[in-house]
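Notes follow once the structure below has been shown.
The values are calculated or read from the model by the stated rules, or taken from the named source; none is laboratory data. Model, not experiment: these values are computed from the prediction. In this analysis, Cβ positions are derived from the backbone assuming ideal geometry, glycine residues included, and neighbour counts consider all displayed protein chains. Note: accessible area is taken over every heavy atom of the protein model, side chains too, but ligands, DNA and RNA are not part of it. Shrake-Rupley method; radii C 1.70, N 1.55, O 1.52, S 1.80 Å.
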Amino acid sequence: MYYSIKSGGWQRIAEPTGQEEGLLGIFPYEKMLACGKKWGISAEILEEARRFSYARYDSFENFDCVSLEMLDFENILLSIGSVILYLEKGKAFFFTSKMDIVTALLEECLEGLGERVTLNRVIYSFFELQTKKDDIIFDSIEKEIMDLEQALIATGKRDCVSEIISLRKRLMVLKKYYEQFLNVLDILVENENGIFDGKTLRSFKMLYRRTERRFQNVLNLREYVTQVRESYEAEVDISLNTTMKIFTVVTTIFLPLTLIVGWYGMNLKMPEYGWKYGYLFVGLLSVACIAGIIIFFKRKKWF
């Protein structure tokens, strides 16, 4: 599928005529090698770009090759498809695993630009759309972290390991995505092959700065999750200390009773055995030991 882009307009065409100011092509991966052969694009370069995940930018003699993994910002653990961009002055070919999605995105770019449409602006708009919905996911993750923190403080929630792991996993995916997307934009603005005009390069530089802020936002959210995790670990430690304290108090209370039982359980003849108040004496001694230890602990405020 080809699009002919001329000043002030665009149209879908069956085959290029060579008279186009800008030529845009969209092809599935199944037709990638055939299209590459037709336009003299190295099959090895295209296959290498296809094997790479997330984002990568390579500059070659007279053309650039970009591979992108398009994130689904409604579920960032999943990808909505990958795309390879072959960029040459006046030409841009998109090879993708999701023809319908990429076609819809590019036609959105073409229609959105209106009379200002140029091939360079379409390419820029396509890159810009890759981070269009990220504010929604940032707000969602931040609210999720705040709710988790509130649950830890207000309700003393003790089972939040799965939530913390899920948050860290999603933020790791975002961090990796933006990190590599920044690398792509960094090389793109160098414009080694002179593919983009000055106005488009300025737009890419603004996109780079916005993406940098997104990346910093991801790092801030990761730090926030780390703080929540540390708060959770502190709560777990306090709970464990309280449990151990109770066991220690109980053990200490019954320690004298264990000694008394062991003493009078010896197979020896003792004077108390012949005393009619001997049994009562041992019982009172046990109660006195328990009462004395409890009073001692209370005064020390150990429980």
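Relative contact order for segment 1-119: 28 percent, from Cα pairs under 8 Å spaced at least 6 residues apart, divided by residue count. For segment 63-155, GluC sites (Glu not before Pro) meeting the loop criterion (DSSP other than H, G, I, E, B) and having at most 11 other Cβ atoms within 10 Å: Glu74. In order along segment 286-297, phi translates into HN-Hα couplings of 5, 4, 4, 4, 5, 4, x, 5, 4, 4, 4, 5 Hz, rounded to whole numbers, per the Karplus curve 6.51 cos²θ - 1.76 cosθ + 1.60 with θ = phi - 60° and x for Gly and Pro. Applying the Karplus relation 6.51 cos²θ - 1.76 cosθ + 1.60 with θ = phi - 60° to segment 127-138 yields 3J(HN,Hα) values of 5, 5, 5, 5, 10, 5, 9, 6, 4, 5, 5, 5 Hz, where x marks Gly and Pro. Rg over Rh for segment 95-185 works out to 1.16, both radii taken from alpha-carbon positions and Rh defined as the Kirkwood radius. With bins 5 Å wide beginning at 0, the percent of Cα pairs of segment 211-271 falling in each bin runs 4, 14, 9, 10, 8, 8, 8, 7, 6, 5, 5, 4, 3, 3, 2, 2, 1, 0.
When you restrict to C-alpha pairs under 8 Å that are six or more residues apart and normalise by the size of the chain, the relative contact order lands at 15 percent. The calculated Kirkwood hydrodynamic radius for the chain is 24.9 Å, given to one decimal from all distinct C-alpha pairs. Heavy atoms of the protein chains alone define the surface here; on that basis the chain has 58 Å² accessible area per residue at 1.4 Å probe size.
Karplus-based coupling profile of segment 207-214, in residue order and whole Hz: 5, 4, 5, 5, 5, 4, 5, 4, with θ = phi - 60° in 6.51 cos²θ - 1.76 cosθ + 1.60 and x standing for Gly or Pro. Of the solvent-accessible surface of segment 57-200, computed with a 1.4 Å probe over protein heavy atoms with every protein chain present, carbon and sulfur atoms account for 49 percent.
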